[in-house]
Structure formats: C-alpha cells, structure tokens
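Working notes, beginning with the structure itself.
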Amino acid sequence: MSILAVEQHLLKIILLPFLCLISACNTDNDESLSNNSIVYCSEGSPESFNPQIVTSGTTIDATSNQLYNRLISFRGDKNTIAPSLAKSWHTTRDGKMITFYLRKDVAFHTTSYFTPTRFFNADDVLFSFNRILIPEHPFHQVSGGKYPFFQSVSFSNVVKSIEKINDYTIRFKFKYADSSILANIASDFSVILSKEYADSLVKKNIKREIDTLPIGTGPFKLKKYRPGAYIRYATHQQYWDKPSTLEQLIFDITPSNTGRLTKLLAGECDVIAFPIAHEKIQSKPELELEAVTSFNVGYLGFNTLKPPFDNVKVRQAVALAVNKQAIIDTVYQSKADMAHSLLPATSWAYNKSTLPQTYDISKAKKLMAEAGFPNGFTMNLWALPVQRAYNPDAVTMAKLIQADLKKIGISVLIESSLDMGSFLEQLSKGEHQSVLLGWSADHPDPDNFFTPLLSCSSAKSGNNRTFWCNEDFDDLIQQALQTTNVTQRKEFYSRALTLISQEVPLIPIAHSKRFQARNNSVKGELLSPYGGIDFSRVSKN
Amino acid sequence: MLTFTLRRLNLFIFTIFLLTLLSFSLSFLFPGEQLINISGQINATPEQLIILAEQYQSHNNIFQQYFTYVNHLFSGDLGISMASQLSISSEIISVLPATIELTLVALFIAMVLGIPIGFIAAINHRKATDNIILSISMIGYSIPVFWLGLLAILIFSIQLGWLPSAGQISLLFEIEQVTGIQFIDILLSESPYKWQAFRDASAHIFLPACVIALAPATIFVRLARTAMMDVLDSQYIRAAKAKGLSFSQLIYHHAIRNAMVHVIRDVGLQFANLVTIAMVTEVIFSWPGIGRWLIESIFQRDHTAILGGLLALSSFIFIVHIITDFIYAALNPLARDSRHGT
C-alpha cells in the first residue's frame with residue numbers, strides 16, 4: 001500500500017460515520033406524526049391553567065379556548081353570541097333573569113390524574129360561578145382569591161344569585177338589567193370547571209391542583225407541562241362539538257422573538273406568536289403572515305376639568321391638528337388601523353356615518369381663534385414610556401403630536417419620567433392636562449369601550465382620565481344596556497359616538513393589530529380580534 | 001497500579017475539599033444573607049429561618065458551619081433554586097445528562113475528524129497537504145464559538161433548512177425522561193415512532209455537536225500530527241523499515257497505536273475545554289443542558305443554583321479527568337510508575 005492508499009483509507013474512516021449520520025437525518029416519508037400535530041411557538045409560560053383567575057394574554061392564549069368551554073361564545077365576523085355548553089337561553093323582558101338550557105352529552109377530559117364518571121350538568125356551572133361570587137366558597141380562596149376580570153366588570157354587584165332549576169337548566173338572577181352580561185358570560189374568562197374533579201381534590205386534600213392540573217370540556221386536554229419549556233395537549237376525543245383532526249397540540253415556549261422567527265423559518269414551529277421581521281416572512285412562499293385588528297384603542301385624552309381643555313373648541317382644534325396618518329406610519333409602522341371612532345370597525349356597533357375628525361390645519365387655527373387663543377398656549381402631555389399593545393411607543397407619539405400642535409401655535413411639554421404606578425396614580429388625581437393612553441377590550445360588547453372609559457361613574461372613580469361627565473352620553477349608554485334589542489342598542493351607541501366626536505373628550509388615534517405567522521400547511525381560523533387564540537377548528541395537511 | 005489509584009484518590013479528595021471550600025466562601029461573598037444563598041429559601045418565614053439556621057448550624061463557629069455544609073452536600077442536599085424553588089440536585093440530575101450526551105458526541109466527532117487528519121498531515125510532513133491542514137486547523141481554532149453557532153444556524157437551519165436549530169428533539173415526540181440521555185431514553189421508550197424519534201434526535205444533536213467539536217478537533221489535529229511525527233522518527237520504526245515492512249504495515253501496525261497513546265492522554269485535558277464551549281453552544285442552540293441552566297441562573301441571580309451548578313460541573317469535569325487518566329494508564333504501562341502526576 002502506498003502513502004496515497006493509506007491516506008484514502010484514513011479519509012474513509014473519517015467520512016463514514018458522518019455519511020451514516022446525515023443519511024439518518026433525511027426526513028422519513030412517513031410523516032404521520034407531524035401531520036397530526038401542531039407546534040405553536042408561544043411567547044411565555046402561562047401563570048395558571050384557569051382563565052378565571054388571570055388577565056394575561058399569554059395565559060388566555062394557552063388555556064381558555066383549548067381546555068375549556070363557556071356557556072355561550074362569540075361566533076362569526078360580527079361577534080354575535082352563539083350557543084356553546086348552553087344550547088339555548090332565554091332572557092326575561094326586564095333583563096333581570098337569564099335561563100340557560102344546557103347540553104346533555106358533554107364529557108369532561110379523561111386524563112392520567114382524573115377520570116370523570118358523569119357528564120357535564122348544572123352543578124358544574126353552579127360550581128364555576130359560585131367559586132367567583134361567594135367568598136365563603138371552599139374554592140374561592142384557592143390560588144389567592146383574586147378574579148381580576150370579574151372584579152373589573154363588577155360581576156358580583158350585578159349577579160344576585162344563580163339557581164339550579166334541574167340538572168340541565170340554570171337561572172342567573174341580576175340586581176339590575178345589564179345587556180353586557182351575556183358578553184361577560186361569553187368572555188374567555190368565564191370557563192366551566194368540573195365539580196366532580198373539585199370534589200375529588202377536596203377528598204385528597206389537594207385543592208390547589210384545580211388550577212394547575214386542569215379538567216375542562218374543551219377540544220384539548222393537558223398531557224404534560226414543563227414550565228419554561230412546553231405544554232403538550234392531546235385531543236379530547238369525546239369532545240361534544242366536532243373533535244379536532246389533530247392528535248396533539250404543542251405550545252413550544254420561546255420567549256425570545258428571534259428564537260421564534262428562527263424556529264418558524266427552520267420549520268420547527270407551525271405557528272408563531274407575535275412575529276418580527278414581517279418582510280422576511282412575507283418573502284417566503286411557504287409562510288403566511290396574518291393580522292387582525294384587535295379590540296383596542298390608543299387615544300389622546302384631555303383633562304376636561306382643567307383649562308384650556310374645558311373649552312370644547314380647543315379640544316376640537318387639537319383634534320383637527322393631529323396628523324394621525326403620520327403617527328400610524330411612524331409609531332405603529334403601519335401595523336395599525338387609523339381610529340375613526342372609539343370603536344374599531346369590526347365591532348357590530350361601529351357606525352360608518354360617525355364623522356371622523358380629519359386633519360385640517362386652517363380649520364384648527366380658526367377654531368383656536370374663536371376659542372380666544374389666536375396665539376396658542378402651552379400645555380403638558382403625559383406619555384408612559386412603557387410599551388403597550390395599543391401603543392408601542394407613547395413617547396415618540398407625543399413628540400409627533402408636539403410637532404403637529406406647533407403648527408397651530410400650541411407648545412407641548414412632554415411628561416414621561418414617571419413609572420407606571422405613580423403615572424396611573426397621578427392621572428386618576430387629574431394632575432395632567434392631556435395624556436396618551438389606551439384601552440384593550442376584554443370582550444366584543446361595545447359597552448366595554450364606553451362605560452369604563454367615559455362614563456360619569458368612572459370619572460368619579462378616576463378610571464375616566466378625561467373626567468368628562470356628560471349626562472346625555474350617560475343616558476345613552478345606560479339605555480343601551482337596558483335593552484337586548486341589537487338594532488336599538490346600535491342606534492344608542494351610534495348617537496353616543498356622534499356625541500364623542502362633537503365633544504371630543506378624547507381623540508381616538510389607532511386600533512393596533514395583532515400579528516401571527518404560520519406555515520401554509522396549517523389551515524383554519526386562529527386569531528380573533530379579542531381574547532385568546534383558538535385551535536379547535538385548525539387542521540393540517 | 002495501586003499507588004497510581006491511591007495517588008489519584010488523594011488528588012480527588014484534595015480537589016473536592018478546595019471546591020467545597022470555594023463554594024462555601026462564595027455563599028458569604030454573594031450579596032444577600034449567607035443562609036439564604038446556601039439554602040435558596042427566599043420565601044422562608046421567620047420560623048422556617050430558625051429551623052434552617054439550626055440545620056446549617058449558623059450559630060456555631062465557621063468550621064462547624066463548613067462541616068455541616070459538606071455534610072449536606074454529601075447527602076445530596078444542594079438547597080433549592082431561588083428561581084424555581086425546586087431542589088437543585090434534582091434540577092442538575094435532569095440537565096446534566098443532556099450536556100454529557102452533547103459533549104460525548106462532540107468529543108467523538110472531534111476525535112474521529114481530528115486524529116486521522118493529524119496523521120495524514122504527519123505522513124505528508126512539510127508537503128502542501130500538511131500546510132493546508134495546519135492552516136485550516138489554525139483558522140478553525142480561532143473562530144469564536146458563538147459566532148460559528150449562529151452562522152451554522154443561519155446556513156443549515158434557515159437558508160438550507162436541513163437541520164433543526166433548537167432543542168434536543170422535536171416536541172412532537174413524547175419521550176419520557178429516564179436516564180436523561182436522549183438516545184438511550186428513545187430506545188427505552190415505547191413510542192411507536194421510536195425510529196423517527198431517533199433520527200430526529202440525531203438531526204438535532206448534529207449541528208451543536210459539530211460546532212462544539214471544531215475547536216477540539218483542530219487541537220487533536222495538531223496533537224495527532226506531533227505524536228505521529230515523533231513516532232515516525234523513533235528508532236523502532238526505523239528498525240521496522242529496515243526489516244522491510246511496507247508503509248501501510250508500518251502505519252497500521254506500529255505507528256498508529258503508539259501515537260494514539262499520546263493523544264488519549266490529552267483527551268481528558270480537552271474535556272474541560274469542551275464543556276466550556278458546550279455551555280455557550282447550549283445557549284445558542286437552546287440545548288436543555290447544565291450550561292444553559294447555569295447561565296440562566298446567573299441571569300436570574302439564583303445564587304444557590306450557581307453554587308450547586310459550579311460544584312457539580314467542576315466535580316464532573318474532574319471525574320472525567322481521572323477516568324481518562326486511568327484509561328491512559330491502562331494503555332500505557334509506563335505512566336503507572338511515573339513518580340509525579342501527569
């Protein structure tokens with residue numbers, strides 16, 4: 001053997017194992033497992049597996065629509081309320097009582113930690129809501145006793161009692177009529193838990209597990225959760241609605257946004273939350289970028305108790321002088337819709353005929369002169385230097401507004417040095433003249449935009465940062481709550497919107513969008529304008 | 001052999017003593033209460049703190065405290081993690097095997113690549129092949145590992161889409177953790193997709209292992225080259241040549257075996273280097289090993305985890321050193337009698 005032959009032999013020894021390895025890396029034709037599974041790269045770990053006790057979007061995404069059902073749910077483009085665990089319901093004429101008629105064939109999850117012996121019935125509904133409503137309930141204090149969503153809609157003030165009529169009929173009694181109550185019951189937070197499971201936990205003296213090892217009626221059941229790593233869901237085969245065609249659904253917890261992008265590009269994730277580098281994703285034929293305008297609004301609010309913004313003409317002038325398009329292009333990088341009213345266009349109560357405030361400097365100057373400020377004035381504008389879903393960069397937005405208002409002679413001082421806590425505290429005391437804020441709705445009922453933001457009662461509690469209290473407006477939104485007739489409600493809300501655009505307690509600026517990227521092989525609706533994602537109607541081919 | 005073993009044991013005990021002394025003093029040097037640093041009980045009530053102080057003998061003198069600490073260590077109690085409130089020893093047991101697996105595969109790749117290439121270079125001493133191999137290995141040694149890792153992901157995962165970029169195995173496969181070494185766990189599992197899982201795990205380990213292997217491989221190239229050149233220069237090779245052995249007989253029967261002995265000795269030394277590189281690589285490739293866990297603990301200021309992790313990692317490296325020393329001694333009888341440590 002010559003030197004050359006020895007070398008060739010040695011080279012073969014080097015390359016052989018690699019060839020074996022690489023040939024083993026070739027994907028097999030049999031891809032049945034990946035065809036039946038979806039990997040969703042989410043942005044964080046859930047705090048809990050019970051949506052009742054949380055508000056964070058990450059937790060709602062991971063749990064609400066996957067593990068649970070509600071009595072009723074929102075369906076379709078217009079977000080009308082549709083049956084879910086309740087096959088029908090009846091509201092009395094005075095709106096003070098709703099009777100739900102429940103489905104009979106709904107199975108709870110069978111898992112390694114619990115095997116149900118009975119179907120879903122009225123006891124489960126009673127248990128789920130009484131846990132929230134009754135402070136003495138054995139499960140009320142489990143996991144801290146805080147139910148933030150229900151506290152924010154003052155659920156316990158509205159609901160007088162819940163009665164079981166028979167195993168499949170349940171009646172909610174209310175202290176006063178509130179037509180947004182159905183929307184609250186249909187929201188992602190109002191899930192139905194299993195009473196039988198709770199009882200078994202009481203026996204074993206491990207009540208805490210109700211929120212960490214969930215049992216629900218939803219399309220998927222929990223198989224394994226490793227905090228910070230993944231959540232593995234298996235399909236609930238006995239699901240009362242159409243069971244999912246998937247075999248498993250995996251949440252791959254990837255907090256870094258470059259990490260999620262890499263996994264999407266490398267094909268390790270089928271769907272990713274909150275993608276970056278939109279152009280890169282759009283340039284790949286096998287990937288799809290989706291966006292949905294969320295039920296939120298970023299706005300510029302005036303303190304209507306303090307001069308000069310107690311003068312409606314000044315407010316109108318500012319509204320005309322703010323160039324919203326420039327803000328959307330710069331601050332939101334065109335990833336938002338311009339707000340024409342407080343409500344986003346996807347709400348059923350949205351009314352196109354409400355006049356939007358258009359950008360018009362000369363008209364604004366005229367109004368300023370009429371208001372007695374031909375030479376302008378100095379004002380402060382508060383902006384929170386923290387990124388929010390409805391406003392990614394309030395400080396930049398404030399600077400743009402500063403430049404806009406200079407054109408009509410107003411010089412703006414930007415106040416952005418406070419931290420979140422003291423910022424909100426001083427706002428509720430009304431120490432600001434104007435502020436950049438926003439609101440994310442919990443459910444699609446339009447009232448969720450009006451009452452918390454602009455009613456007199458929330459002006460008193462300090463939640464209404466404009467301190468605008470208009471009796472006509474309050475009457476309108478109260479009347480809208482007292483009827484369940486959608487056409488009537490729409491009429492009331494449209495008048496309310498017109499009133500806002502005349503009185504300008506605030507200038508709605510933008511409705512930001514929520515983005516998501518997916519591989520083409522994943523079919524079906526995932527995103528909705530409010531609340532969490534939903535994998536129940538998603539398939540893969 | 002007995003003296004050799006005793007000498008190694010002696011060294012082991014002394015090193016462990018120094019390591020525990022270091023981690024014990026670090027618990028004082030880290031910010032915060034020493035008792036909390038050492039136990040990780042950040043949410044302890046005053047009553048629990050009293051019990052803890054009792055357990056760690058905090059009121060006694062420092063020697064007593066150190067002694068109690070070592071006692072805790074040897075009974076497997078490294079405290080609980082300040083971040084997750086889980087026992088550190090169980091966390092280490094769940095992350096260490098992944099690192100062992102990754103470094104072993106990387107070591108294998110580095111040896112399989114580096115040693116034969118080094119031999120080829122030695123055979124072609126001072127020829128073009130030798131020069132090319134030496135320059136390439138110099139470049140390979142100089143590339144920073146984090147940059148190489150990102151580059152590998154960019155090319156092989158994103159551009160070409162051949163290999164996955166993160167994790168140990170695709171989450172699609174449900175493999176129960178038994179030993180922690182993924183390949184063994186897959187073989188033990190009862191999943192119907194066993195072989196698919198095995199292939200997937202191989203694809204996942206390939207890229208990070210190659211990235212880790214590069215620097216040690218270049219060192220092996222140079223070690224193997226020097227060792228081979230020494231052997232080829234030696235008297236017995238000349239004698240064999242004079243007896244009329246063919247070149248291949250010379251290389252396969254005499255040179256390689258003798259050159260390998262010298263290389264093996266340095267494998268152990270390379271292991272520490274390998275683990276350091278692996279720690280950075282684990283972060284880049286989201287590999288669920290002890291390196292990533294330790295770096296995350298540093299970010300989270302999880303002092304108890306840092307103490308426990310350092311101790312576990314350094315003892316692990318040290319144990320590997322000793323094992324390679326034994327292998328070397330078994331292969332090379334001369335080493336057993338050498339008076340001084342190698």
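With each label modelled as a point 7 angstrom along the Cα→C-beta vector, the A:THR212-A:SER411 pair spans 5.9 nm.
Every Cα-Cα pair of the stretch A:296-514 was included, and the share exceeding 29 Å stands at 20 percent. Between B:GLN85 and A:LYS146, the FRET efficiency estimated from the beta carbon spacing at R0 = 22 angstrom works out to 0.60. Work out which trypsin sites (Lys or Arg not before Pro) in chain B are exposed loop sites (DSSP not H, G, I, E or B, at most 16 other Cβ within 10 Å) and give the longest gap free of them. Answer - B:128-300. Quick one: plug the Kirkwood hydrodynamic radius of the stretch A:440-480 (C-alpha pairs) into Stokes-Einstein at 4 °C, 1.567 mPa s, and report D in µm²/s. Rounded, D is 126 µm²/s. Put simply, the C-alpha atoms of the stretch A:43-220 give a gyration tensor, and the ellipsoid matching it has half-axes of 24, 18, 17 Å, longest first.
For the peptide B:114-122, the mean number of other protein chain Cβ atoms found within 10 angstrom of a residue's Cβ is 3. Length gained on full extension, A:ASP94 to A:THR487, computed as 0.36 nm times the residue gap minus the Cα-Cα distance: 139.7 nm. Sorted on the mean count of surrounding Cβ atoms within 10 Å across their residues, most packed first, peptides A:471-478, A:399-406 read A:399-406, A:471-478. In summary, the lysines within cross-link reach of A:LYS406, defined as a Cα separation below 21 angstrom excluding same-chain residues under 8 places away, comprise A:LYS306, A:LYS313, A:LYS324, A:LYS363, A:LYS365, A:LYS366. Pairs of C-alpha atoms in the stretch B:3-77 farther apart than 17 Å represent 50 percent of all such pairs.
Which of the three applies to chain B, rounded, prolate or oblate, going by the alpha-carbon gyration tensor with a ≥ b ≥ c and a/c under 1.5 meaning rounded? Because a/c hits 1.5 or more and a/b fails to exceed b/c, chain B counts as oblate.
Peptide packing for A:158-165, B:103-110 was compared via the average number of neighbouring C-beta atoms within 10 Å per residue; ordered from the highest value, the list is B:103-110, A:158-165. Peptides A:240-252, A:372-384 ordered by packing proxy, namely the average of other Cβ atoms within 10 Å per residue, highest first: A:240-252, A:372-384. For an R0 of 30 angstrom, estimate the FRET efficiency from the Cβ-Cβ distance between A:SER428 and A:ALA403 and round to the nearest 0.05. Approximately 0.55, to the nearest 0.05. Two numbers describe the Cα atoms of the protein assembly as shown: Rg and Dmax, which are 34.2, 116 Å.
Across B:LEU232, B:LEU148, B:LEU29, mean-square fluctuation computed from a Gaussian network of chain B (C-alpha pairs under 10 Å connected) peaks at B:LEU29. Loop-located GluC sites (Glu not before Pro) in the stretch A:349-452 (DSSP state not H, G, I, E or B) with no more than 10 neighbouring Cβ atoms inside 10 Å do not occur.
The tail of the calculated P(r) for the stretch B:76-150, taken as Cα-Cα distances beyond 22 Å, holds 51 percent of the pairs.
Note on B:237-247: average number of Cβ atoms from other chains within 10 Å of each residue's Cβ is 1. Straight-line reach from A:LYS263: which lysines have a Cα under 27 Å away, not including same-chain ones fewer than 8 places off? Counting by Cα, and skipping residues close in sequence, A:LYS263 has these lysines nearby: A:LYS221, A:LYS223, A:LYS224, A:LYS280, A:LYS284, A:LYS335, A:LYS513, A:LYS523, A:LYS540, B:LYS194. Placing a pseudo-label 7 Å from each Cα along the Cα-to-Cβ vector at B:GLU296 and A:ASN257 gives an inter-label distance of 2.2 nm. Cα axis of helix A:394-406 to longest principal axis of chain A: angle in degrees, 0 to 90, nearest 10? Helix A:394-406 sits roughly 30 degrees off the main axis of chain A.
In chain A, the longest principal axis of the Cα atoms and the axis of helix A:486-503 are about 60 degrees apart. A Förster radius of 51 Å, combined with the Cβ-Cβ distance separating B:PHE146 from A:TYR113, puts the computed FRET efficiency at roughly 0.75. In straight-distance terms, cross-link reach from A:LYS242 covers every one of the aspartates and glutamates whose alpha-carbon lies under 19 Å from its own, apart from those fewer than eight places away in the same chain; here that gives A:ASP105, A:GLU525, A:ASP534.
The label-point distance for B:SER234 and A:ILE361, in a model that sets each label 7 Å from Cα toward Cβ, rounds to 9.0 nm. Assuming a viscosity of 1.567 mPa s and a temperature of 4 °C, what translational diffusion coefficient in µm² per second does Stokes-Einstein assign to the stretch A:242-360, Rh being the Kirkwood radius over Cα pairs? The calculation lands on 71 µm²/s.
The separation of the stretch A:473-506 from the stretch A:261-293, counted between C-alpha centres, amounts to 40 Å.
Footprinting exposure proxy ranking of B:PHE17, B:PHE12, B:PHE285, B:PHE220, fewest other C-beta atoms within 10 angstrom first, gives B:PHE17, B:PHE12, B:PHE220, B:PHE285. For chain B, the longest principal axis of the alpha carbon atoms and the long axis of helix B:290-299 meet at an angle near 50°. Residues whose amide H lies under 5 Å from that of A:GLY216, counting only those 5 or more places away or on a different chain, are A:HIS109; hydrogens are built 1.01 Å from N in the peptide plane. Reported to the nearest whole Å, the Cα centre-to-centre distance from the stretch B:105-144 to the stretch B:161-180 is 31.
Cβ crowding within 10 Å, taken as a proxy for footprinting-reagent exposure, orders A:CYS469, B:CYS210 from fewest neighbours to most as A:CYS469, B:CYS210.
All of the numbers you see were taken from the coordinates with simple rules; none came from a lab. Just so you know, these numbers come straight off a predicted model, no measurement behind them. Don't worry about glycine lacking a Cβ; one is built from the backbone with ideal geometry, like all the others, and counts go over all protein chains shown.
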